[in-house]
Structures are given as C-alpha cells and as structure tokens.
Amino acid sequence: KTGRVSVPQLRARKGLEPIVCLTAYTTPMAQRLDEHCDLLLVGDSLGMVVYGMESTLAVTVDMMVNHGKAVMRGSQNACVVVDLPFGSYQGSKEQAFQTASHILAETGCAAVKLEGGAEMAETIEFLNARGVPVMAHIGLMPQQVNTMGGFKSQGRGDDAAQKMITDAKAVAKAGAFCVVVEGTVEGVARQITETIDIPTIGIGASVACDGQVLVTEDILGLFSDFTPKFVKRYANLGDSVSEAVGKYAEEVRTRKFPSDEHCFGIAKKGNLRAV
Ligand code: KIV
Ligand code: NA
C-alpha cells in the first residue's frame, strides 16, 4: 500500500484521467467504495439520505465529524473530503477555519468542501494558507435552497452562465484544489473546465468535467425520496433489501428460522439448569 491519494495528486490530475468520486457516510460502504474511488466525499446530503431531513440545512458539525470518522475507518486508499455544513462557515473566514480545523483534527480527513463562488474566495484563501485544503462547490448549491426557491439547475442564460464562470475562476484563484460543478448545462461546464487550471468534478454537469460525483445511495437504488434527473441507477439494492427482509419476516412467523444450522445445538439433559 502506498497510502491515500493526496490533495496535490488530485489537483495534478487536471486534464488527465477522469477523477472518480462518490459520497460515503458509513464504514461498510466506505470499505466497498475505497476499492474503486479516488475521492470519497462525506457529503452533508447525509441529512436527507441517512436522516430523512427535507434539506441539508439542519446537518450539524458533530454529524459530519462522526460520519467522517466512520468513512476514514473504512478506507485506506481514497482521499476523504468532508462537507462543512450550513451555518458553520459562512459567518466569517475565522469561523470557517475553526470548523474546518476541528473536522480535520477529529476525523483525519484531508480536506473540506464548502458551497459558494466569488463570495467564498476570501475564506478559501484563508483556509488554504493555514493548512486546510478546500474543495469548492458552485452552480446548484443545496444549502441555498431557500434563496433558490427549490433545487433548480443553474447557469441557464448568458448572465447566469457568466456568473458561474466568474465563480469558478474566483475559487480557483483563491486556491481551491478542485471544484464541484453541480446542476448545469454542458456548455457552461465545458467552458469552466477549459478555463480554470483545477479539476472540475461534475454532478449533473455533463461529461465535459474532469471527474464525476454522485450520491452512492442514489446510484444503488437505496434512496428514492427524491431522484434528480442526473442520477443513473446502477443497481436496485432497495428492492433487494425488501425481498430479503420479507423472507426473514416470513421465516420468523412460520418458525422456519432459526433452524439447526444457526443454533448452538440442542442442550444435553445434564447441561440444562432448572429455571
Ligand atoms: O452533499 C453531497 O453529497 C454533495 C455532493 C453530491 C457534491 O455535496
Ligand atoms: Na453537500
């Protein structure tokens, strides 16, 4: 083993082989994903996917720390990045550093991700200069659900496209080592990817990006409360769970489970204690 993929290694992948990313929240899933992914993102999407929340807004730093630790325990190859949750970094660059340094120290992850373009550039520069690598996130920013009025694709129309390109340039100039580009049209994603010198990681942003990320539970069919257009299903594990649990329930009710092979055996008379 050569250790984990590092932040500089990921940054250096610009224009080379596509970067493979998925979200991870737990140890057993991280163990599986680590065999295939360059980067595991402990996304604040866990609020919706794991905790059943309607948005990511109520996710706490403690939740991110606990899931970050779980993902670190389950992986040894991938670079692990943990999301800064809503309200834990937007107040000031000092607040952002306090939250981010706490997350790095507690989990051992390599970097944090935060949402925002030009308005977060100063914060990105502040963190990066102080030992906290930052993955930026522009375009559709789920923590902005209330200002957007829902989860809507971004960068449509000349002004909106220009704003996204300006945001991408700003986060790259500020020292972000890569940037998630979410929910936009191919033309914008392509222009951003061709313009900036750090990798773009697309989610609903076309094949023009330098890498791709999706929510693991979405591609496995384990989360169907809300499925964006850009999700591709690679398995239907939710159906497998229903089928397996249905069989178990049936066997418990009919006393078919547990049978002898799943028991410690039948007690000899002498081993029985009077109750
Ligand atoms: O929270 C998350 O999972 C994310 C990715 C989908 C980019 O931010
Ligand atoms: Na997120």
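The values are calculated or read from the model by the stated rules, or taken from the named source; none is laboratory data. Everything numeric here is computed off the predicted structure, so don't read it as measured data. Methodologically, a virtual Cβ is constructed for each residue, glycine included, from the backbone with ideal geometry; neighbour enumeration extends over all protein chains shown.
Points worth noting:
- Meets criteria (in contact with a Cys (Cβ under 9 Å, 6 or more places away or on another chain) and among the β-branched types (V, I, T)) for V50: no
- Some residue of the stretch 39-51 being among the hydrophobic types (A, V, I, L, M, F, W, C), in contact with an Asp or Glu (Cβ under 6 Å, 6 or more places away or on another chain), closer than 22 Å to S6 by Cβ and within 16 Å of ligand 2 (Cβ to nearest atom): no
- Scan of the stretch 223-267 for residues that are free of Cβ contacts under 8 Å to residues at least 40 places away in the same chain, under 30 Å from F151 (Cβ atoms) and assigned to a loop (DSSP other than H, G, I, E, B), ordered by number: S224, T227, K229, V231, K232, R233, Y234, A235, N236
- A count restricted to the stretch 111-123 and to residues that are of a type outside the set (D, E), within 16 Å of ligand 1 (Cβ to nearest atom) and either out of contact with any Pro (no Cβ under 6 Å at 6 or more places or on another chain) or not assigned by TED's automatic domain parsing to the domain that holds A189 (or both) stands at 6.
- Qualifying residue in the stretch 147-156 (condition: touching a Cys at 6+ places or on another chain (Cβ under 8 Å), closer than 24 Å to L22 by Cβ, in contact (Cβ under 8 Å) with a residue 24 or more places away in the chain and buried (at least 19 other Cβ atoms within 10 Å of the Cβ)): no
- Residue in the stretch 158-178 that is within 15 Å of ligand 2 (Cβ to nearest atom), assigned by TED's automatic domain parsing to the domain that holds S55 and farther than 19 Å from K93 by Cβ present: yes
- Residue that is farthest from ligand 1 (Cβ to nearest atom) [pool: residues in the stretch 124-143 that are within 15 Å of the chain's Cα centre (by Cα) and in a helix (DSSP H, G or I)]: Q143
- Once the stretch 56-75 is narrowed to residues that are away from ligand 2 (no atom under 11 Å from the Cβ), touching a residue at least 40 places away in the same chain (Cβ under 8 Å) and not hydrophobic (A, V, I, L, M, F, W, C), the residue that is surrounded by the fewest Cβ atoms within 10 Å (Cβ to Cβ) is R73.
- Being touching a residue at least 40 places away in the same chain (Cβ under 8 Å), surrounded by fewer than 18 Cβ atoms within 10 Å (Cβ to Cβ) and more than 30 Å from Q162 (Cβ to Cβ) is not true of P18.
- Filter pass, I138 being of a type outside the set (F, W, Y) and closer than 18 Å to Q90 by Cβ: yes
- Among the conditions (1) in contact with a helix residue (DSSP H, G or I) (Cβ under 9 Å, 6 or more places away or on another chain); (2) away from ligand 1 (no atom under 15 Å from the Cβ), A205 misses just one, which is (2).
- Yes/no for F86 being more than 16 Å from the chain's Cα centre (by Cα), of a type in the set (A, V, I, L, M, F, W, C) and more than 30 Å from E35 (Cα to Cα): no
- Checking each residue in the stretch 91-119 for being touching a residue at least 40 places away in the same chain (Cβ under 8 Å), buried (at least 23 other Cβ atoms within 10 Å of the Cβ) and either in a helix (DSSP H, G or I) or among the β-branched types (V, I, T) (or both) picks out only I103.
- All conditions in (1) under 18 Å from the mean Cα position of the chain (by Cα); (2) modelled with pLDDT of 95 or more; (3) within 16 Å of ligand 2 (Cβ to nearest atom); (4) not small (G, A, S) hold for N146, with the sole exception of (1).
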